[in-house]
Structure formats: C-alpha cells, structure tokens
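This report refers to the structure that appears directly beneath it.
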Amino acid sequence: MITAFAQSGVRAGLTGLLATALLGLPMLAGAAVPATPVMTIYKFNGPLETPYYNIGANGPGSRAGSLPQGTSVIPCLVIRNGRALTDAKGTPYVGFEVVVNPSKDKGQAATRKFERTFAEREALKVKNHHCDSSVRHVLNVRDLYVLKKPPFFDPSGKGDPAAAEREGKTELDKIVRVFHNSPECAAVDQDAIGRRARLERAWDRFIAKHDGRWDATTLARAKHLDYAMRTAIFEGHLDRGCTAYGACERNVVVLSIRNRGVGQCLKRQGCSFPGDFQGIASDVGQYNIWDAYLTQISGLTSCYLRTDLAKQGDYDLYQGIYSQSVGDAETILYGGTPALATVFPGTNLNELTELRHYYHPPAMGKCFPQHDRVEYMSGAVAENGADHVLIANARIKVGDRVGSGYRFKEFRFDQEGPLDAVRIEDNYPGFIVDGRKVSLGGGGGCTPYGVSSGCRFSNVGRYRRTPSWLTAGKPLALNCRINDRGASCSGSGREQSVTVGGACDIDMMPVSRVH
C-alpha cells in the first residue's frame, strides 16, 4: 500500500488523508501545502540505470544500488539537524518510495497503479515534505521529472492475421498489418524496457518465418515502411487525427526520413546503408520519440493495428491515421523522385529532395520574456520555520528577498491552442526558497511562437526557443491535397488542400538546405 510520508515523524496512511481531501472535510492541523507529486527517473537518451545512494552524515553516502529509467517514485526531503540534505549548491538529494519499477511491474496493473497514485498525490495536502525515519536511500533530484503519462502496454488478446491482410491496400500494407497481428509483434510490449531492440528482433523473426511467402526485398520494404509510419504517427500531433493538416504533417515526417536515406546516407543520422529507413526513423538522436523511456509511455512500438483492438481506447484513432497515411508514405519512400510531386503538388522537386529537417515550435523550450522574475527550479528546498518543502521540476515567480532566500509563488501554465494560459498560485505561503537556486538572470533565445524572429504577429500567445540550425536553412512550405476525415478519423472524407510550413507556421516548421 502506498503511504504518505510522515509529518513530524508520524506515518500517516494515504487513504485517510485522501478521503479527507476529497470529501472536503477539515485537513490535519498544519496540512496546507501540496504533497510532493509522483516523479519519474528520466534522462533523454541516457544510461538505462540511475544510481541511488545511502544517506551519509552530511550528504549522499556510498552508492546503494540503481533503478531503471522510467521508474516512478514519491520523493521526500531527508532532514538532518534541522536542515534538508543538499549538495553545496543547494540541490537536494531526496528520499523516495517506488511507485512503478519498469523492470518488475508490467501490464494494465502497472498502468492503473501509476494513474491512481498520481491522482492521489495531486489531491493530497500535507504539512511538509519530510521523509519519515524508515527512509534509507536518496536520489539526485535532477534525475526526476513530473511526467504524467502512465506506462503503456497493449491489452491482452490476439488479432486475426488473415483479416488484417484483407484490409491492406498494397502488398507492403498487407505485410505490415500481418506483422502487427503476429505473435512476434505481441512479444515487443510485454515488458517496458528494451522495446526498441525487441521490435527490431521481432521483425527479424517475422521475416525469417515468412521468407518463403514473400521475397526478401518486399519483406524488408514492409519493415522499413512500418518504422516510417510509426515515427510519422507519433512524431505528429495525435489530436489532429485525420485532418488534412495532420496527414500532411505526417507526409513531411516521412519525406525527411526518405531524404536522409536517398541521395545521402549519414551514419550520424542513423543511416547504415542507402535506403535504411528503419535505422533513420528509429535513431533516437534524430527522432526523439524513440528514446528508451518514451517508448515505455507511448504506443510507438505496440501492435496498434491488431484487429481485436479496433474499437478500444486510442487504437481506433491510430488505425484510422495509419490507413489514411500509409499510401502516401509508400509513395514517398518507394515511388521514386517524380512521384513526390503527386504527394506534394506545386513544390519544386529540388526543394522537396533537400528537406531533411523540421521541428514543432510548440514543443520547443518554453520561455516567458513577458513575465519578470520567472525561474525554472530543477530542484530546490524552501523553508518555513522547521518545515521544509521540495520545489522541483517547476517554475516559480520570485518575490522579495528574505534573509538567504526569496518569497515565491508557483508559476504555472496550460497550453491552450496558440496560447500559454498563465496562472500564479500561492501554494506555499510563508515558505522561503533557497537563494542559492535563484539567479534572476532572465532568459534569452526566445521568439514569438518559436519561429523566425522576422515573423510579425498582432498578438503573441506564447514564446519558444528555436533550434540552432534554423538560420542555416530555408523554411519550406509544402502543399498537400488530402481527404480530410476530421480529428476523430470518423468522417467520410472531403478532399482539401492544405499547406504545412513556411516561414511563420507556428505548428510545424520544415527546413531545407540544412547540412
């Protein structure tokens, strides 16, 4: 049972505290601040294991063990002689209780446990964030992030390969659908760790099993098409579904993969041989969604085309998106250069074949130059008398100086369409944040919406950072003519012309001529 970390050395059951919060009954005396959230061990493309330490006399002691990336924990502050355990710069080492360990926990039970605990912690109010006396180990708070998505596992069940094959429109499409409904694919997402490698092995086993039915070239092309489609679907904005813009966005992603494997094959971009669309599409450094942790929380490596999942959860959406885009993707990858003009009418072929880079401005680094004294806290301690709280993976609005620290309020926002809807919340009244973690240096490198600084907008709803290579290339607008089936993919389809990109597209920015 998950328990709340004790306040003043007394362990309190989470269930009772949560019931109090949800029922609107009086809280425990002094219980006035949000509990620490569920946080996840994560470092992009980092080592699989993250160390944790014994508690030393004046800081972290010897290494005690390690936890895999994707482990979710409830953090707390270790208090010794009235002070929280930190390094010399004020970065705390936090005690923890494991919620989900991806090397041990799996399936829908792990998903539900994460979701339940995350919700419970969001609703809980406490007096402080002190660990109780049972805590023996600590993590560096810099390894922890508040990540809301739970572990993802395909539901148990089995698809129908024959029915899946009948749904395919081309030979490559048929093979991809059969693979998704095969026992080889079913083994990929049974565990959370190592999914990228297991997907590759699954395709190798599938190809070996079916080499008498389809020729080697056709099987290889189907595998590469599957990887390109997985990348295009999960790189794009899933909420756009089968809209014309969403489908054109996916075509742009596939085009970037194609152009990195045709006419240019760079090892640093994941290409091992001309036409290695699998290696390119799944290179973590190029398409970040293939990061080991991110594959734990998405359907990227799942069997999302399983016939028995067609009406479950998001699978209906994934299948609709795939069916809408797979024909164009096959044309882009294997139709030859002239065929690109049929997918992207009205765009110069030389420009099309030079496109290898793009970025999504809303997903770039967030910044708020229109607000003064806003700082990001990777991890800091705030104090109010004998009480200490953890401020981690959060932004604060810095207030007045008080002694060796600052008053502060939480700076929070929700991305609502083109707007960052900001709110300032005084969730820690009376607490003073450690001044060693406050720089008041301001931010830089921001532009309205994260596009070229030359763009002009009558109103600016958000600011983002731009990639370093933006000025080295040429923003490119690509035209598509696609049957728009709506965000839910349930529409009958109406042919629509749409443009993705151009110098000031605030949603997606294809950039050609970047070397």
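The values are calculated or read from the model by the stated rules, or taken from the named source; none is laboratory data. From a predicted model like this one, the values you see are computed outputs, not experimental measurements. Cβ: placed from backbone, ideal geometry, glycine included. Neighbour counts: every protein chain shown. Calculation scope for accessible area: heavy atoms of the full protein, side chains included, ligands and nucleic acids excluded. Shrake-Rupley method; radii C 1.70, N 1.55, O 1.52, S 1.80 Å.
A few comments on the model shown:
- Here the stretch 62-166 is treated as an ellipsoid with the same Cα gyration tensor; its semi-axes, largest first and in whole Å, are 37, 15, 11.
- Helix-derived mean residue ellipticity, 222 nm - over the chain, DSSP H n ≥ 4, -39500 (n - 2.57), to 500: -8000 deg cm²/dmol
- Taking the chain as a whole, each Cys residue has some other Cys C-beta under 4.7 Å from its C-beta.
- Two numbers describe the Cα atoms of the stretch 384-504: Rg and Dmax, which are 21.6, 65 Å.
- Rolling a 1.4 Å probe over the protein heavy atoms gives the chain an accessible area of 44 Å² per residue.
- Where both bridge residues fall in the stretch 47-148, DSSP classifies roughly 95% of the beta bridges as antiparallel.
- For the stretch 127-286, the Kirkwood hydrodynamic radius from C-alpha pairs, put into Stokes-Einstein at 37 °C and a viscosity of 0.692 mPa s, yields a diffusion coefficient of 178 µm² per second.
- Debye intensity ratio I(q)/I(0), log10, the chain, q values 0.10, 0.12 Å⁻¹ (C-alpha model): -0.89, -1.18
- Surface composition of the chain: carbon plus sulfur atoms contribute 50% of the solvent-accessible area (1.4 Å probe, protein chains only, all chains present).
- Distance between the stretch 135-190 and the stretch 436-483 - C-alpha centres, whole angstrom: 33
- Counted over the chain, the DSSP beta bridges are approximately 100% antiparallel.
- Annotation: lysines with alpha-carbon distance below 23 angstrom to Lys113 (same-chain offsets under eight excluded): Lys43, Lys104, Lys125, Lys148, Lys149.
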